[in-house]
Structures are given as C-alpha cells and as structure tokens.
1. Treating the beta-carbon of each Lys and Arg as +1 and of each Asp and Glu as -1, no other charges, what is the dipole magnitude of segment 89-190 about its Cα centre, to the nearest 20 debye?
2. Considering only protein heavy atoms and a probe of 1.4 Å, how much of the accessible area of segment 84-147 is carbon and sulfur, as a whole percent?
3. Tell me, what are the semi-axes, in whole angstrom and largest first, of the equivalent ellipsoid of the chain as set by the roots of 5 times the Cα gyration tensor eigenvalues?
4. For Ile176, which sequence-distant residues (separation of 5 or more, or a different chain) have an amide H within less than 5 Å of its own amide H, given hydrogens modelled in the peptide plane?
5. Seen from all sides and averaged, what is the projected area of the convex hull of the Cα atoms in segment 1-81, in nm²?
6. Rounded to the nearest 5, what is the percent of antiparallel bridges among the DSSP beta bridges in the chain?
7. For helix 26-36, what angle does its Cα long axis make with the longest principal axis of the chain, in degrees from 0 to 90 and rounded to 10?
8. Could you give me the radius of gyration and the Dmax of segment 17-127, taking only the C-alpha atoms into account and expressing both in angstrom?
Amino acid sequence: MRVIAGSRKGHSLKAVPGTNTRPTTDKIKESLFSIIGPFFDGEKVLDLFAGSGGLGIEALSRGASECVFIDQAQAAIKTVHLNVSACHLEDQAHIFRNEAKRALKVLAKNEWAFDLVFLDPPYKKQQLEQLMESLDALGLVNEDALVVCEHDADAVLPEAIAGFKKFREERYGITILSLFEYVKEVAENE
C-alpha cells in the first residue's frame with residue numbers, strides 16, 4: 001500500500017497486522033479519488049473505520065486540511081499512528097480509539113462537521129444506514145458533504161438515506177463503493 005498522489009505521493013503505508021482488517025486496495029483507492037475529486041482544498045475528513053488510515057492519509061496528501069481517524073482496534077490505531085508519522089502528517093491528524101457510534105456522539109458534542117466521510121466497516125458487521133442516519137441527526141456533515149461507503153456485494157444500500165442521496169455506485173469484484181452526497185433539501189423534507 002502506498003500514497004497514490006499529492007504531497008505525500010509514493011510514501012509506503014503499513015497494513016494492520018493480522019487478518020481482521022481488510023485494506024482498500026490501491027486500485028480501488030485510485031478509482032475512488034478520481035470519482036470524488038483528485039485534489040481537495042482544505043476539507044475536513046472523517047475516516048471512521050480507519051484500519052491503516054490509508055483513505056484519510058490519501059485525502060490529506062491531496063489537500064484536505066485535517067482528518068479524524070477512528071478505529072476500535074488497538075492494532076489499527078497503532079498502525080494509523082505509524083503511517084501518519086511516516087507521512088509527516090501529525091499536525092493534521094486526530095487519532096482516537098473508540099467504537100464508531102460512541103465516537104460519532106463525542107464528535108458531535110465537540111461540534112465537529114465534515115466535508116468527506118469514509119465508512120468502511122468490517123463487512124460482516126456493517127450498519128451503514130444507521131451510521132449515515134447518525135451523521136445527519138448529529139449534525140456531523142456540512143452541506144454538500146460526501147460519504148463513501150465501502151461494502152460487499154450482499155449489502156444493497158437505498159438511493160437515499162436520511163439527508164444523503166446516492167449519486168454513484170461502483171463494483172470492484174466483491175467490493176462495492178456507494179457514494180452519497182448530503183443534500184440539505186432531502187433532510188429538511190423528512
């Protein structure tokens with residue numbers, strides 16, 4: 001794994017030890033960033049199931065201003081710290097060990113709001129719809145925010161969830177990327 005583009009292009013990233021974490025491949029990461037925009041201009045990013053931190057680090061390398069990395073596993077948090085440090089991004093990274101739903105409540109309490117959210121939970125424990133409903137209900141997303149859901153082919157997400165509207169879906173073998181945009185009108189009409 002490596003950083004594909006931007007200021008940290010070419011930096012190698014360590015994977016989380018063991019078999020419990022499934023990193024996003026470079027091929028999928030490259031395709032994803034060509035869809036959502038190759039470069040950013042100061043956006044705030046949430047990498048909720050950070051794993052190795054590859055998606056959040058890629059966003060920082062491409063111009064995002066800061067990223068909050070959250071994972072429940074100690075091994076993942078250690079790996080995120082190593083990768084952020086190796087890429088010299090410590091000043092832009094906020095790394096927390098916490099369970100996802102609890103973490104969202106803490107972020108809301110501290111008045112965080114994000115422009116880009118990566119949701120890549122373990123395939124067998126996905127609760128993507130509930131997580132997106134929480135993002136909306138807790139006010140954790142800015143207008144026009146993007147949410148990227150990575151899931152397996154068995155999980156079919158609806159066209160709209162809370163204030164989010166799906167604008168694209170891509171398949172890579174058993175992996176599906178569902179991309180949603182936060183649309184204020186959808187949220188207000190509910």
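1. About 460 debye.
2. Accessible surface attributable to carbon and sulfur in segment 84-147 totals 44 percent.
3. Taking √(5λ) for each Cα gyration eigenvalue gives 23, 18, 17 Å.
4. His151, Asp152, Ala153
5. 4.8 nm²
6. Bridges in the chain that DSSP calls antiparallel: roughly 50 percent.
7. 40 degrees
8. 13.1, 36
The values are calculated or read from the model by the stated rules, or taken from the named source; none is laboratory data. What you see is a predicted model, and the numbers here were worked out from it, not measured in a lab. Cβ sites come from the backbone with ideal geometry, for glycine too, and all protein chains shown count toward neighbours. For accessibility, only protein heavy atoms count, side chains too; no ligands or nucleic acids. Shrake-Rupley method; radii C 1.70, N 1.55, O 1.52, S 1.80 Å.
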